[in-house]
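Presented below is the structure to which this report refers.
The values are calculated or read from the model by the stated rules, or taken from the named source; none is laboratory data. Values in this document were obtained by computation on a predicted structure and should not be read as measured data. All Cβ positions, glycine included, derive from the backbone under ideal geometry; neighbour counts span all protein chains shown. Heads up: the accessible areas ignore ligands, DNA and RNA and are worked out on the full protein's heavy atoms, side chains in. Shrake-Rupley method; radii C 1.70, N 1.55, O 1.52, S 1.80 Å.
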Amino acid sequence: MRTHLIWASVIALLTAGLSLAAASSLRNVFGNYTTVVRFALLIATLCVVFGPIVKGIGPARAAKYLWEKQDIVASRVQADQARHYFLRTIGFSGFLLFVYALVIFVRAGDGAVQKTFLQWDLIELSYVDIIKALWINVVIAVVAQIMSMIFGLVLAIGRLLPGRSLGPIRALAVAYVDVFRALPAIIVIYLICFGLPLTGIPYLSQASPIVYAVAALTITFSAYNAELFRSGIEAVHESQVSAALSLGMTPFSVMRKVVLPQAFRNITAPLLSYFIALQKDTALVNVVGIIDVFTQAKIFASAYFNLSTISVVCFLFIVLTIPQTRLVDALLARRDKRFSKSSGAK
């Protein structure tokens, strides 16, 4: 408990000192009010980080007194409460240390970092065009995800086909999955988008670059989705398949009505995770000249010698991805909860 108190006090003092440095770095923002801001920030920081320490001192003293009185249980209760307050100080201080360090970094060199990555007038000038270009990434991601799911399901079923006679199909599916899981997506995009137009094959060499990009991402992510579908199908117990076949259902009906619905339910969250990865990889299509969100941002960055437009792209991808990530977490939590209930019922 004493160790917790010492560490909490040291980190709290360090946080208070860093708050002064952060307020000083904002002097050009607040001008004559910098002193007032510095004082207000210091007082607020002291209240946040030292408040729990003050609250924890009382239980700490009570724990020591009760220990001397041989009331071990009550002493441990008070000691645990004191540690809770000291750890709260450490947690708040760690958060504020990161925030203050980030402010100091952004304002370093008289705001040079902020001017390079967060120049507001350039962001205001470019954000409309960048958001419009984001639509290309969204279209590519959605279409490629649908196609890769369909093709991945075909690959998964092909890999699970029984019998020696279908061995060549299984080997082909395994080879496809292994090869395209090994290749970086950017290489496949480059080969498809630049290679197919050079072949001169009618229709195949005359498609839009966006179509080529969708095809490249479909080829790549279908390999990942195939393994995901295979794991979901194999997770369905074979007794359910046997029971369905014993009722006179055809193998196709068993797969469509019994196996696949359960497999989809089991892999919903991982499938969404792959879709998030696919969305991020759509930024790779800029290497083949497609005017996507990243390319549009680079045009502004090259024209104004500033990377603030790239920061806009980062923000847009964060806004798209984080809600989906939280949805994945919610789906996984619900699945685990359902599994725990079913296990408890058994």
Discussion item. Criterion first (among the aliphatic types (A, V, I, L, M), at pLDDT 90 or above and touching a helix residue (DSSP H, G or I) at 6+ places or on another chain (Cβ under 7 Å)) does Leu42 satisfy it?
Written reply: no
Item to complete: Return a yes/no flag: does the stretch 100-119 have any residue that is touching a residue at least 40 places away in the same chain (Cβ under 8 Å), aliphatic (A, V, I, L, M) and surrounded by fewer than 14 Cβ atoms within 10 Å (Cβ to Cβ).
Response: yes
Fill in: Search result, residues across the stretch 201-237 that are open to solvent by less than 20 Å² (accessible area, probe 1.4 Å) and among the charged types (D, E, K, R)
none
Discussion item. Being open to solvent by less than 90 Å² (accessible area, probe 1.4 Å) and within 22 Å of Ser253 (Cβ to Cβ) is the filter here; which residues of the stretch 155-169 pass it?
Written reply: Leu155, Ala156, Ile157, Gly158, Arg159, Leu160, Leu161, Gly163, Leu166, Ile169
Item to complete: Tell me, yes or no, whether the stretch 11-27 has at least one residue that is more than 30 Å from Lys115 (Cα to Cα), open to solvent by 60 Å² or more (accessible area, probe 1.4 Å) and either part of a helix (DSSP H, G or I) or at pLDDT below 90 (or both).
Response: yes
Worksheet, complete the sentence: Residues of the stretch 176-204 being of a type outside the set (Gly, Ala, Ser), within 21 Å of Lys280 (Cβ to Cβ) and assigned to a helix (DSSP H, G or I), in sequence order, are Phe180, Arg181, Ile186, Ile187, Val188, Ile189, Tyr190, Leu191, Ile192, Cys193
Worksheet entry | Lone qualifier among Ser148, Ser126 - being more than 22 Å from Ala215 (Cα to Cα), open to solvent by less than 40 Å² (accessible area, probe 1.4 Å) and at pLDDT 90 or above | Ser126
Discussion item. Can you tell me which of (1) open to solvent by 90 Å² or more (accessible area, probe 1.4 Å); (2) in a helix (DSSP H, G or I) is the one Ala82 doesn't meet?
Written reply: (1)
Worksheet item: Val99 fails exactly one of the following numbered conditions: (1) at pLDDT 90 or above; (2) over 30 Å from Ala185 (Cα atoms); (3) among the β-branched types (Val, Ile, Thr); (4) touching a helix residue (DSSP H, G or I) at 6+ places or on another chain (Cβ under 6 Å). What is the number of that condition?
Response: (4)
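Please indicate, with yes or no, whether at least one residue in the stretch 246-255 is open to solvent by less than 30 Å² (accessible area, probe 1.4 Å), of a type outside the set (Ser, Thr, Tyr) and closer than 19 Å to Ile146 by Cα.
Narrowing the stretch 246-255 to residues open to solvent by less than 30 Å² (accessible area, probe 1.4 Å): 253-254.
Add one more test, that the residue is of a type outside the set (Ser, Thr, Tyr), and what stays is 254.
Checking which are closer than 19 Å to Ile146 by Cα leaves us with none.
No; the residues of the stretch 246-255 include none that is open to solvent by less than 30 Å² (accessible area, probe 1.4 Å), of a type outside the set (Ser, Thr, Tyr) and closer than 19 Å to Ile146 by Cα.
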Item to complete: Would you check which residues across the stretch 261-285 are over 20 Å from the mean Cα position of the chain (by Cα), free of Cβ contacts under 8 Å to residues at least 40 places away in the same chain and open to solvent by less than 50 Å² (accessible area, probe 1.4 Å) and list them?
Response: Gln262, Ala263
Discussion item. Just to be sure before I move on: is Ile6 surrounded by fewer than 16 Cβ atoms within 10 Å (Cβ to Cβ), in a helix (DSSP H, G or I) and at pLDDT 85 or above in the structure I sent?
Written reply: yes
Worksheet item: What residue, among those in the stretch 209-239 that are touching a residue at least 40 places away in the same chain (Cβ under 8 Å) and acidic (Asp, Glu), is farthest from Ala283 (Cα to Cα)?
Response: Glu234
